[in-house]
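Take a look at the structure below.
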Amino acid sequence: MDEHKENIQRTDVNVKMSEEKEDEKTKPRSRICPDDETAPETSQSNKDFSHPVYKEIALANGHINRMSKDELRVKLSELKLDTRGVKDVMKKRLKNHYKKQKLLQSAAEGGPTDTYYDYICVVDFEATCEEDNPSDFLHEIIEFPMVLINTHTLQIVDTFQAYVKPEVNPQLSDFCVKLTGITQETVDGADPFPDVLHRVVEWLQERELGTKYKYAMLTDGAWDMSKFLNIQCRISRIRYPQFAKKWINIRKSYCNFYKTKLSTMLEKLGMKYEGRPHCGLDDSHNIARIAVRMLQDGCQLRVNERMHGGQLLSVPSSAPVEGAPPPRNPGNRE
C-alpha cells in the first residue's frame, strides 16, 4: 500500500489505494507495467491450450473486446456481476465470468480446469521513518499485520496484528507517530521482533498453512519483504524466514491482469479506502479487498517475486505454481 516503499520514505503510504493525494511534493514512481509481467491471461505452466474449450473462450473474448462501455455494463448487470470500474476492468470481469463458466463445464466433463492456493496471506508492514530519511537509515518494523483470504469462499477469514519494539532507533520520530498513528507508548510496551515473528509462525501453523493447506504471501509492492523484512532480520540477527522468501506482488498482478497502467487500484476498481491510512492492519485489509476483487474477476494470483541470496528477483510466469513452505522459526545468524 505504500508508494514510498519504493524510495524508502513513508510520506504517501496509500497513494496507490486511496483517492486522495497526501503529499504532492513527492515525486511518484513510474506507473507503467513492469516489462517482466507480460504473461498471457492464463499462465499456468504446462497447460494444454489445444482443448476446444479454449477456442470457445477466445471467441467470447473477441466479442467482448468489441463491446462499448455501456454494453459491458448492461451485460454485467444482466449477469448480476459488479458493474463498477473502468472499461478495461469491466472487460476483464466479463471475460473471466465466461472463462470460469466454460472451465467449470469442462471440468465436469473431465476437461481442463485451473488450480489455486487455498489461502492468501496479505502483509503490509509499518516501519520507523523520518520525514527526510538519510540513505543509510535502518527502517525497523513497528507493526506486523496479516489478513488471511480464503480463495475458495473469496472471504477475509482472519487477521493478525502485533506491534514491535524497535531496537536501533527506539525513539519514534514525531513524523512517524503522526503518519502511522503508532505511539511511543505502544512500541515501548511491545515485544522485540524475534518474539513477534515467533507469534506469527505460531499463528500460521495453527491455521495449518503449508501443511494441510496451500498458501502464498501477498504484498503491495516488493519492499515489505525485500527491504523491511530483510533489514529487520539483519538487525535482529536472525535468518530470513523461508516462508516469506516468495510472494505475490499485487501491483504486478494487477497491471498484468487488467492490461492497464497502474494508478490508484481501488479507484480503478470503483472502490474506496476503508479505515485509517497508514495503519498497517487497515492497509492490509484494503489490499485484501483488492485481491478478493481480482479473484472474483478471475485473476489467478500467483507468486511473482522472491528473495535469493539477499537479492530481489522476479519469478517468471512459466514457473510452476508453488505454495509457501510450512512456517518455521528462523535460526540465528552465525
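Odds and ends about this structure:
- Residue count, the stretch 272-298 (criterion: over 11 Å from the mean Cα position of the chain (by Cα) and over 14 Å from Ile248 (Cα atoms)): 15
- Residue in the stretch 25-79 that is surrounded by the most Cβ atoms within 10 Å (Cβ to Cβ), counting only those that are at pLDDT 75 or above and assigned to a loop (DSSP other than H, G, I, E, B): Met67
- When the test is whether a residue is in contact (Cβ under 8 Å) with a residue 40 or more places away in the chain, more than 25 Å from Val292 (Cα to Cα), outside any helix (DSSP H, G or I) and hydrophobic (A, V, I, L, M, F, W, C), Ile149 does not pass it.
- Hits in the stretch 218-252 (condition: over 10 Å from the mean Cα position of the chain (by Cα), under 17 Å from Phe144 (Cα atoms) and not in a helix (DSSP H, G or I)): Ser236, Ile238, Tyr240, Pro241, Lys245
- Here Leu313 meets the list (1) without any contact (Cβ under 8 Å) to a residue 12 or more places away in the chain; (2) open to solvent by less than 10 Å² (accessible area, probe 1.4 Å); (3) of a type outside the set (D, E, K, R) almost entirely, failing just condition (2).
- On inspection, Arg289 does not qualify as part of a strand (DSSP E or B), of a type outside the set (Asp, Glu), open to solvent by 30 Å² or more (accessible area, probe 1.4 Å) and in the same structural domain as Leu229 (by the TED database).
- Test: residue in the stretch 126-138 that is within 24 Å of Tyr254 (Cα to Cα), at pLDDT 95 or above and open to solvent by less than 10 Å² (accessible area, probe 1.4 Å): yes
- Taken over the stretch 105-125, the criterion of being more than 19 Å from Met225 (Cβ to Cβ) and at pLDDT 85 or above is satisfied by Asp118 alone.
- The stretch 183-237, subset aliphatic (A, V, I, L, M) and touching a Cys at 6+ places or on another chain (Cβ under 9 Å), residue surrounded by the fewest Cβ atoms within 10 Å (Cβ to Cβ): Met217
The values are calculated or read from the model by the stated rules, or taken from the named source; none is laboratory data. Here the structure is a predicted model, which means the values were calculated and not measured. Methodologically, a virtual Cβ is constructed for each residue, glycine included, from the backbone with ideal geometry; neighbour enumeration extends over all protein chains shown. Side chains included, ligands, DNA and RNA excluded: accessible areas come from the protein's heavy atoms. Shrake-Rupley method; radii C 1.70, N 1.55, O 1.52, S 1.80 Å.
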